[in-house]
Amino acid sequence: MADVARAAGVAQSTVSRILNRAPEAILVTEATRERVLAAAQRLDYRPNPLARALRGAPTMLIGAIVRDVTDPFFAVAIDALASTAAGHGYSLVLGHARSRADEALALAAVLEARQCDAILLLGDFREEPMLIDDLRQSQVPVVAMWHGSRIKGFHSVTVDNSAGIRDALDHLSGLGHRRIAFVGGESLGDIREREEAYREYFGETDIVVPDSFVQRASNTFLGPGPALERLLRSPEPPTALMAATDVLGAGLIHAAVGLGLRVPDDLSIVGFDDIPFAAATVPALTTVHMPVAEMSAAAVELALSPDRDPTDRETRILTPTLVTRSSTAPPPLQHRLASRPAGLSHG
């Protein structure tokens, strides 16, 4: 910084205010600002986060521990968080836990050693109690995201999974579907809550949903194929499928077409998340839109609020919305004629 000050012909304190984007008690002219920025670029100046931390200044780094970076949803989430952090002048430091407790623990230690100003926990780490306990003792704020229900000891930002599932099932029942199956994945966080919401929805009606109508599959594009085959072998197979994620929804479309079914003429499919490729499937996937940008903004705000009571753990629950596309339609005529007129009481 001293080298930049000499090259720009200004005081080092002026360089510090400009490069750290600090509020300025003394106004700096635009010409001076441009001269300092040009000198910093010419000299390849890079701030040292550890040096900043030693003198009590924020490092302008936010750490993120991701349960599964291969999940397309988390790619969208990381992009939104990085953009939100950048809007506050921060950079996002990313660590992939690969669903392993030892790696997640190591990542937490690394992020703290690098003096991150906050840590974001992306995904459900409930099965890693050592990590959770370690982070509860962290010296920096921790915010849990997409963890499912509220997690004790941390701020958390989540989505109303029950509302999203109900909107999707109301949509399908409004089209005339009565035999609606659910295809989920691992019984973790959001996916578990979505399965519970599906069961609760039909528990409030006079429609009996067979146990076989709840299937689980790996959350990959090829994962739900066997689940669909099992559902189609039912004495009365479903006319619609509620997928716990868009990845499963797209995989079900692929599997259905491979089995000679037409979507939505023979089988309607709904996803959850509304990640970018949901609009690009053929047919385009009807899905529940996850407010990722708003959730990212809320998480960064919770993480960086300096005046927030450190003992007050806040949970913010955002509401999703249904996006209707081409993968849903009324059931085939023979199923509509066989349906009871009473059916569902929702909507």
Scan the stretch 232-248 residue by residue and report those that are in contact with a helix residue (DSSP H, G or I) (Cβ under 7 Å, 6 or more places away or on another chain) and buried (at least 16 other Cβ atoms within 10 Å of the Cβ).
P237, P238, T239, A240, L241, M242, A243, A244, T245, D246, V247
Of all residues in the stretch 72-96, which are surrounded by fewer than 21 Cβ atoms within 10 Å (Cβ to Cβ), closer than 22 Å to I132 by Cβ, modelled with pLDDT of 90 or more and touching a helix residue (DSSP H, G or I) at 6+ places or on another chain (Cβ under 8 Å)?
L92
With (1) modelled with pLDDT of 85 or more; (2) more than 25 Å from Y90 (Cβ to Cβ) as the list, and A11 as the residue in question, which single condition is left unmet?
(1)
Looking only at the stretch 240-270, how many residues end up being in contact with a His (Cβ under 9 Å, 6 or more places away or on another chain) and in a loop (DSSP other than H, G, I, E, B)?
0
For the stretch 133-141, state whether one or more residues are open to solvent by less than 10 Å² (accessible area, probe 1.4 Å) and either farther than 30 Å from T328 by Cα or touching a Ser or Thr at 6+ places or on another chain (Cβ under 6 Å) (or both).
yes
Quick check: is even one residue across the stretch 157-174 at pLDDT below 90, open to solvent by 30 Å² or more (accessible area, probe 1.4 Å) and of a type outside the set (G, A, S)?
no
Given the condition closer than 25 Å to V66 by Cβ and assigned to a helix (DSSP H, G or I), answer yes or no: does some residue in the stretch 112-128 qualify?
yes
Is at least one residue of the stretch 179-188 open to solvent by 20 Å² or more (accessible area, probe 1.4 Å), assigned to a loop (DSSP other than H, G, I, E, B), modelled with pLDDT of 95 or more and more than 18 Å from V288 (Cβ to Cβ)?
yes
Of the conditions (1) under 23 Å from the mean Cα position of the chain (by Cα); (2) open to solvent by less than 50 Å² (accessible area, probe 1.4 Å), R216 fails just one. Which one is it?
(2)
Applying the selection to the stretch 261-279, what residues are more than 15 Å from F73 (Cα to Cα) and open to solvent by 60 Å² or more (accessible area, probe 1.4 Å)?
R262, D265
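The values are calculated or read from the model by the stated rules, or taken from the named source; none is laboratory data. Computed from a prediction, not measured in an experiment: that's the story for all the values here. Every residue, glycine among them, receives a Cβ derived from its backbone with ideal geometry; neighbour counts consider all protein chains shown. These accessible areas exclude ligands, DNA and RNA; they are computed on the full protein's heavy atoms, side chains included. Shrake-Rupley method; radii C 1.70, N 1.55, O 1.52, S 1.80 Å.
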